[in-house]
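Engineer: Structure below; questions to follow.
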C-alpha cells in the first residue's frame with residue numbers, strides 16, 4: 001500500500017527525520033550540489049496554486065509524494081491542512097511588542113563557511129542557499145531584520161521540528177523550579193508503566209539531558225530499525241489489518257529496552273523527548289498543548305496560537321510536532337535571552353531555568369556522540385549549548401529550524417527552512433558561522 005501524504009510528511013519530514021542527526025553529525029554529509037533554491041520555490045513549482053490546483057501540483061493527504069522535497073517547501077507551512085493537530089492557545093491578552101529598528105547592513109555581513117578555504121559568503125547569500133522560509137534577527141529587544149520566502153508569511157505557522165524538544169525541556173525545567181518535578185527522581189516515580197523498559201532504572205535528569213542507554217535505532221536504511229515501529233505506533237505508517245504491535249506512542253514507549261549504560265554518553269534520540277512529554281502530562285495532569293499554553297505561550301504574549309501534530313489518540317508529538325509563526329518563535333527566543341523576561345515585561349520563565357540551560361551539560365559526554373561540526377558543545381534540558389565565548393545556545397530542528405540565542409551580543413536569530421537535507425550538516429557549515437558573524441557585527445559600534 002503506498003504511503004499517504006500524512007505518512008510521508010509526518011514520517012519523512014517530521015518523525016522519521018525529526019531526530020536523525022539533528023545536529024551536525026559527520027555521518028550524514030550534505031550532498032555536493034543541492035537543488036537550486038530558486039528553481040524549487042513554491043512560486044516556481046506552482047504547488048497548490050489555482051482553484052482547484054492542477055492535478056500534478058496537488059499536495060494532499062493521499063499523495064505519496066506530498067512530503068517529499070521540493071513539495072515540503074509548501075507542506076512545512078501548511079501542516080494543519082493535512083494532519084490532525086492540537087491547538088496551543090495564545091490567551092486573550094494583547095500580543096507583546098516586537099519593536100522594529102531595521103538594519104540595512106546585515107545582508108552584507110560576510111563569513112567563511114565551516115571547513116572552507118574558499119571565498120567568503122554574505123548573510124544574504126546564505127539565506128537562499130539554505131532554503132530559508134523565514135528569518136528574523138533581534139538585537140537588544142528590537143527586530144533588526146525580518147524576511148519571508150516560499151509559502152511562509154508572518155501570520156502562517158511553520159513546523160518547528162526538533163525545536164519542539166527545547167520547549168519540552170524548558171517546561172520540565174519550569175516544573176522542576178516550581179517543585180512539581182524532581183529531576184533526580186527515577187522515571188518510574190511518575191511513569192510506573194515504564195518499570196520494565198530502558199527507563200526502569202533511569203532518572204528524569206538523564207532523560208532531560210539525553211544520556212539514556214536505550215535500544216532504539218534511527219537508521220532509516222534499516223527496515224528493522226525501531227523508528228519504523230515508532231512510526232507505525234503513532235499512525236505515521238499503515239498498520240494493516242493483521243498488525244498486532246503498539247497502537248499509540250504510549251504503547252510504543254513501553255516496549256523500549258535498555259542498551260548500554262545510562263549517563264555514559266550523550267545519545268540524541270527522539271523517544272527521550274516523548275518520555276519527557278509523557279512525564280509532563282502526568283505531573284501536570286494536562287495535555288502538553290495546554291501546559292505549553294499556560295506556562296509559556298500566554299506568558300510571552302504570543303500573537304498567534306501554536307499547534308502540535310498528534311497521533312491517533314490525540315497525543316501531541318513532544319519530539320517534533322510543534323508549529324508556530326516565526327515572530328512568536330522570536331518572542332520565545334528573546335524571553336530566553338532576557339533571563340526569562342518577555343517583551344511585555346512579564347517574568348514569563350524563571351531566571352534560574354535560563355541560567356541552568358546556559359551553564360550547559362557535560363562536554364565529555366557530548367563529545368562521545370561524535371558531532372564533528374560541534375566541537376566543545378554540550379546539551380542541557382534539551383537545548384544545544386555552544387560553550388563559545390559569547391555563551392550562545394540553540395534550539396535545533398532538521399531541515400534548518402533554529403533558535404540561536406547569543407547573550408553577549410544581546411541577539412536572537414530565529415529561522416524556519418525547508419532544506420532538502422534533513423540533517424543539520426546540510427545547514428551548519430553556512431548558518432552557524434553566519435549567525436556568529438552577525439553577532440560580531442551587531443556588537444561593533
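The values are calculated or read from the model by the stated rules, or taken from the named source; none is laboratory data. Please read these numbers as outputs of a predicted model, since none were measured by experiment. Reconstructed Cβ throughout: ideal geometry from the backbone, glycine too, with neighbour counts over all protein chains shown.
Engineer: Can you find, within the range 157-196, the residue that is nearest to residue 86 (Cα to Cα) among those that are part of a helix (DSSP H, G or I) and out of contact with any helix residue (DSSP H, G or I) (no Cβ under 7 Å at 6 or more places or on another chain)? Spell out the reasoning first.
Structural biologist: Narrowing the range 157-196 to residues part of a helix (DSSP H, G or I): 163-177, 187-189, 192-194.
Still in the list and also out of contact with any helix residue (DSSP H, G or I) (no Cβ under 7 Å at 6 or more places or on another chain): 163-164, 166, 176, 189, 192-193.
Numbers: 163: 17, 164: 14, 166: 18, 176: 25, 189: 27, 192: 26, 193: 25 Å.
So the residue we want is 164.
Engineer: Please find, among 136, 114, the residue that is surrounded by 20 or more Cβ atoms within 10 Å (Cβ to Cβ) and either in contact with a strand residue (DSSP E or B) (Cβ under 8 Å, 6 or more places away or on another chain) or more than 20 Å from residue 77 (Cα to Cα) (or both). Reasoning before the result, please.
Structural biologist: Working: 114 fails: surrounded by 20 or more Cβ atoms within 10 Å (Cβ to Cβ).
It is 136.
Engineer: Could you check, for the range 390-398, whether at least one of its residues is in a helix (DSSP H, G or I), at pLDDT below 95, touching a strand residue (DSSP E or B) at 6+ places or on another chain (Cβ under 7 Å) and surrounded by 23 or more Cβ atoms within 10 Å (Cβ to Cβ)? I'd like the intermediate steps shown before the answer.
Structural biologist: We begin by selecting, within the range 390-398, every residue in a helix (DSSP H, G or I); these are 398.
Okay, now just the ones that are also at pLDDT below 95, so 398.
With the extra rule that they be touching a strand residue (DSSP E or B) at 6+ places or on another chain (Cβ under 7 Å), the set shrinks to none.
Among the residues of the range 390-398, not one is in a helix (DSSP H, G or I), at pLDDT below 95, touching a strand residue (DSSP E or B) at 6+ places or on another chain (Cβ under 7 Å) and surrounded by 23 or more Cβ atoms within 10 Å (Cβ to Cβ), which makes the answer no.
Engineer: I'm told residue 360 meets every condition in (1) touching a helix residue (DSSP H, G or I) at 6+ places or on another chain (Cβ under 7 Å); (2) touching a residue at least 24 places away in the same chain (Cβ under 8 Å); (3) farther than 23 Å from residue 135 by Cβ except one. Can you identify the failing condition by its number?
Structural biologist: It is condition (1) that residue 360 fails.
Engineer: Given the residues 36, 56, which is the only one that is loosely packed, with under 13 Cβ neighbours inside 10 Å, more than 19 Å from residue 309 (Cβ to Cβ), at pLDDT 80 or above and within 25 Å of the chain's Cα centre (by Cα)?
Structural biologist: Numbers: 56 fails: within 25 Å of the chain's Cα centre (by Cα).
It is 36.
Engineer: Could you tell me which residue of the range 399-427 is farthest from residue 443 (Cα to Cα), considering only residues that are in contact with a strand residue (DSSP E or B) (Cβ under 8 Å, 6 or more places away or on another chain) and assigned to a loop (DSSP other than H, G, I, E, B)?
Structural biologist: Here is the first cut: in the range 399-427, the residues in contact with a strand residue (DSSP E or B) (Cβ under 8 Å, 6 or more places away or on another chain) are 399-406, 409-418, 424, 427.
From what is left, the residues that are assigned to a loop (DSSP other than H, G, I, E, B) are 409-410, 418, 427.
Details: 409: 6, 410: 8, 418: 30, 427: 24 Å.
Residue satisfying both the conditions and the ranking: 418.
Engineer: Related question: How many of the residues in the range 428-445 are under 22 Å from the mean Cα position of the chain (by Cα) and more than 13 Å from residue 405 (Cα to Cα)?
Structural biologist: Qualifying residue count, the range 428-445: 6.
Engineer: Shifting gears a bit: Within the range 288-305, count every residue that is in a loop (DSSP other than H, G, I, E, B) and at negative phi. Talk me through it step by step, then tell me what you get.
Structural biologist: Restricting attention to the range 288-305, the residues satisfying the condition of being in a loop (DSSP other than H, G, I, E, B) are 298-305.
Those still in the list that are at negative phi too: 298-300, 302-305.
Number satisfying all stated conditions: 7.
Engineer: If a residue must be touching a helix residue (DSSP H, G or I) at 6+ places or on another chain (Cβ under 7 Å), part of a loop (DSSP other than H, G, I, E, B) and modelled with pLDDT under 95, how many such residues does the range 244-287 contain?
Structural biologist: 4
Engineer: Tell me, please, whether a residue that is surrounded by fewer than 21 Cβ atoms within 10 Å (Cβ to Cβ) and more than 20 Å from residue 270 (Cα to Cα) can be found in the range 304-322.
Structural biologist: yes
Engineer: Got a number for residues in the range 170-190 being over 15 Å from residue 281 (Cβ atoms) and either crowded, with 22+ Cβ neighbours inside 10 Å or within 11 Å of the chain's Cα centre (by Cα) (or both)?
Structural biologist: Within the range 170-190, the subset over 15 Å from residue 281 (Cβ atoms) is 170, 173, 176-179, 182-186, 188.
Now restrict to residues that are either crowded, with 22+ Cβ neighbours inside 10 Å or within 11 Å of the chain's Cα centre (by Cα) (or both): 170, 173, 176.
Result for the range 170-190: 3.
Engineer: Would you point out which residue out of 122, 132, 82, 28 is within 25 Å of residue 327 (Cα to Cα) and modelled with pLDDT under 95?
Structural biologist: Working: 122 fails: modelled with pLDDT under 95; 132 fails: modelled with pLDDT under 95; 28 fails: within 25 Å of residue 327 (Cα to Cα).
Only one candidate passes the filter, namely 82.
Engineer: Among the residues of the range 327-342 satisfying the criterion of being more than 24 Å from residue 207 (Cβ to Cβ) and touching a helix residue (DSSP H, G or I) at 6+ places or on another chain (Cβ under 6 Å), which is surrounded by the fewest Cβ atoms within 10 Å (Cβ to Cβ)?
Structural biologist: 339
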